Amino acid sequence: MTRKKASKKKGKTSSPSRSKSKKAKKSATKKATKKSAAKKTTSRKKTTTSKQPPKKKLGSLELDKETLLGMHDLMVKSRKLEERMIQIYKRGDAYFWIGAPGEEAFGVALGMQIQKGQGPEYDYSHLHYRCTPTLIAMGMEMEPAIRLIMNKATDPCTGGRNFSNHYCFPEWNIVPVTSPIEVQYSAAIGTAIAQRRRGNKGISIVSGGDAGTAEGDFASSLIWSSRPGFELPMYITVQNNRWGISTDYGSQHGEKYIADRGRAFGMRTGYYNGNDPIETYLAIQDDMYYIRRNGLPVLAEFEVSRLYGHSSASGANPTGDVCCIELFEDKLLRHGILTKELIKERHDQYQEEARSVAEKVRTEADPQADTIWDNVWVDNENADWRKF
């Protein structure tokens, strides 16, 4: 059979002129097809990318100077606030500290891009207790954070009834930060369902640590967000500092990247250097655009540092880990965006602001015993058993 085909082929190519005309015809048809395909591609590209953020190389300086300086300012402000809160704890003015030094690059980049407001048309934020940089980038001042750690009655988040960094701002869709590990991953499913039903462009953003991904709530968020035909607009993020209290990452995780778990559910995933605020900002921008446009979930993992240990329970002393602010300052100095004078000015300014706010808050009232049941509800009734 092979020989027969070959002989037929020989017979067909025996006339050179006929062969040339056929080849020319074929080539012309091929060119015309390519041309029309190119036209289609060009027009399709125009319509789909009209609202898309421009493609930027991750980790480059392809952000404008104003954005870069703004990011640095917010990162320094958050760090100085956290360092002051550690001092507040060590002076005996607070019972406990847990916070975000080392996660400013991720937290600020996220907070700058959240669409804040109240209701499903805006983004919901289901954050964990290392979220101070995100709140600072959204516009929170230092007072609420210091009132919260000092357990003052003036604390707008909990009335002085919770740990440090357990924020709650209903006017910005900041869902109460909880102490039980990773329950925010399952809570985010509810707000995402509400957003999907209304068909708006709001996202349910959820953040947590690497150790907490061992919890069932994390698995639930992957399952519920990716059900075929009922996908949810969820931005599922993990800040991997490679520690769970005092247990190291390598002894617990068989997978190379936590983000790889999302592949089993057919969702978009990403792994990023969370110590680089530029790479992080651009990654979040791209992920959020994808979710808003398609209504589909994303699982993103950001490698970050833990600069003062897990919490005050482990002493809250410097760990010597990589500092994202120092790395960012070095990069901006090299590119002529920042000066050493401006760096010093900002660090001094926010250090003094944090000190001044702490002194002011120290004089404010503590919560009274008879307010213990305020804002606690059971079946739409105040839960004060004394009034039953």
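Readers should treat all values here as calculations from the given coordinates under stated rules, not as data from a laboratory. Since this is a predicted model, take the numbers as computed values, not measurements. Note: ideal-geometry Cβ built from the backbone for every residue, glycine included; neighbour counts use all protein chains shown.
So what is the relative contact order for region 199-260, in percent, with contacts set as C-alpha pairs under 8 Å and at least six apart? Normalised by residue count, the contact order of region 199-260 is 41 percent. Within the shell defined by Cβ-Cβ distances under 10 Å, the residues around Leu307 carry a net charge of -3, with Lys and Arg each +1 and Asp and Glu each -1. Work through the residues other than Val183 whose Cβ is under 15 Å from its Cβ and net out their charges, Lys, Arg +1 and Asp, Glu -1. That works out to -3. Once each part is reduced to its C-alpha centroid, what is the distance from region 131-147 to region 74-90 in angstrom? If we compute the Cα centre of each part, the gap is 11 Å. Summary of the geometry: region 303-376 and region 168-227, compared by the centres of their Cα atoms, lie 26 Å apart. With an a/c value of 1.5 or above and a/b not larger than b/c for the gyration tensor axes a ≥ b ≥ c computed over the alpha-carbon atoms, region 273-374 is described as oblate. For the pair Ala383 and Glu341, the difference between a 0.36 nm per residue extended length and the Cα-Cα distance amounts to 9.6 nm.
So for each of 251-258, 182-189, 152-159 I average, over its residues, the number of other beta carbons within 10 Å; can you give me the resulting order with the highest mean first? Walk me through the intermediate numbers first.
Values: 251-258: 11.6, 182-189: 22.1, 152-159: 18.2.
So the order, starting with the most tightly packed, is 182-189, 152-159, 251-258.
The charge dipole of region 65-365, taken about the Cα centre with unit charges on the Cβ atoms of Lys, Arg (+1) and Asp, Glu (-1), comes to about 540 debye, rounded to the nearest 20.
So, with +1 on the Cβ of K and R and -1 on the Cβ of D and E, and no other charges, what is the size of the charge dipole of region 285-340 about its Cα centre, to the nearest 20 debye? If you can, show how the numbers build up before the last one.
Working: 6 positive and 8 negative charges, 40 e Å.
Once rounded to the nearest 20, the dipole reads 200 debye.
Between Arg197 and Gln115, the simple spin-label model (points 7 angstrom out along Cα→Cβ) gives 1.9 nm.
Toward the positive end of the charge dipole of region 65-365, with +1 on the Cβ of Lys and Arg and -1 on the Cβ of Asp and Glu, the farthest Cα among His128, Asn173, Val304 is that of Asn173. Using Cβ point charges alone (K and R +1, D and E -1), the dipole size of region 64-167 about the Cα centre works out to roughly 460 debye.
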